[in-house]
1. Evaluate 2.2 N^0.38 Å with N set to the residue count of the range 180-220, then give the Cα radius of gyration divided by it.
2. Which of the lysines could a cross-linker span from LYS377 if the Cα-Cα distance has to be under 19 Å and same-chain partners fewer than 8 positions apart are dropped?
3. With a bin width of 10 angstrom, please list the P(r) values of the range 132-291 as percents of all Cα-Cα pairs, from the 0 bin to the one holding the largest distance.
4. Hey, what's the Cα Rg ratio for the range 229-373 versus the globular rule of thumb, 2.2 N^0.38 Å?
5. Sorting check: for 124-130, 184-190, which peptide has the highest mean count of neighbouring beta carbons within 10 Å, and how do the rest follow?
6. Please say if the range 57-152 is rounded, prolate or oblate, where rounded means a/c under 1.5 for a ≥ b ≥ c the square roots of the C-alpha gyration tensor eigenvalues, and otherwise the choice is prolate for a/b larger than b/c and oblate otherwise?
7. Could you work out the relative contact order of the range 96-242, using alpha carbon pairs under 8 angstrom and six or more residues apart, expressed as a whole percent?
8. Which of LYS311/LYS348; LYS78/LYS165; LYS257/LYS332; LYS266/LYS332; LYS78/LYS230; LYS234/LYS311 have a Cα-Cα distance over 20 Å?
Amino acid sequence: MSQGNKKCGEEEVEEDETLAMTGDDDDDDDDLDTFTDGDLDSGCEDGVLGCRDPFSSEVKPRILLMGLRRSGKSSIQKVVFHKMSPNETLFLESTNKICREDVSNSSFVHFQIWDFPGQIDFFDPTFDYEMIFRGTGALIFVIDSQDDYVEALSRLHLTVTRAYKVNPDINFEVFIHKVDGLSDDHKIEKQRDIQKRANDDLVDAALERIHLSFYLTSIYDHSIFEAFSKVVQKLIPELPTLENLLNIFITNSAIEKAFLFDVVSKIYIATDSSPVDMQTYELCCDMIDVVIDISCIYGVMGNEGGIPYDKESMAIIRLNSTSVMYLKEVTKFLALVCFLREESFERKGLIDYNFHCFRKAIQEVFEVRLKVLRSRKLLSHRRRSRQATPNGTPRVPS
């Protein structure tokens, strides 16, 4: 297997000039030049393809991590978003308070993660659980597959039913976790049993309209990244458009499979309509790691701690199966990873031209989103202004 390196093309330099998405926030690009994982609590940046309203943080969805004690919630968060080694999670202390974390400063994906301790009863009268669920986009309930899950299923049912009454739009996701120690047959049996019990409980409560999605996960392989990818994709309004763009791209370029990756978390935010093969996904994750690691060692840094992934990043890996993996930079935090046959890669000029069109289309998609968000913010501001007198005193209703 041969490994490609970074190349600089004149066309790519010209393309980069068209990727300033926010217009009036040009200085924010300088703030994004830090490629660290320890800044997840810091403020959200505005200049990454307009995934966030530059005037408000209201559009950032919230993801809740819930489950019983020692089910693996904190380990999932550390491995996916802090690049912690799975073996190091063995030394993590049990969470004893609600941990709220912003995942935005070092990633294209923008959302909040709330990690709830298993021992906390957030339905206690002292907790405002309505406030918690009202702004939630997804609720992930983690079940330890290697433990007795009767109590976990009871807590899952209580959590889901309460959350649904407050916010029917929440996506309910169930991670059947720690399956690395189970055989394939045992994994399927566990998933079938948990899924049946959970859905039967909802039917008995006349809540069969609630949909639960189930995933087999482990921090010791790529299954946790794929599961989180599916969760995050449901929170991206532009997902159908991105999938359609990828379908057009692979059809016109004779590409077999394409992923749009967030390079920091290795979450793929979109792929084409063909089924996702786990082995293919794992190869893509490994390729991203190779590109970042090689760039950290040999990449030219303008300043200490600069981003090792930039507009010049590109890689080609030829596999023994006569297939080629092709990675191209889309934005500072997005990469397109493609699988194609070696004979199809001979038409690299056509592929690069189609990629240029794809990249430009992605820019236009998020420019439209920025305009919508700005208009919405402006209307909200005008509405509040009409509800107050010129000196700021609330108008008394007549």
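1. Normalised by 2.2 N^0.38 Å, the Cα Rg of the range 180-220 equals 1.38.
2. LYS60
3. 9, 33, 33, 20, 4, 0
4. It is 1.04.
5. Highest-to-lowest ranking by the protection proxy: 184-190, 124-130.
6. Here the range 57-152 falls in the oblate category.
7. It comes to 20 percent, rounded to a whole number.
8. LYS78/LYS165; LYS257/LYS332; LYS234/LYS311
Every number in this text was worked out from the coordinates using simple rules, so none of it is lab data. Please read these numbers as outputs of a predicted model, since none were measured by experiment. Because the Cβ atoms are built from the backbone with ideal geometry, glycine has one as well, and the counts that use them run over all protein chains shown.
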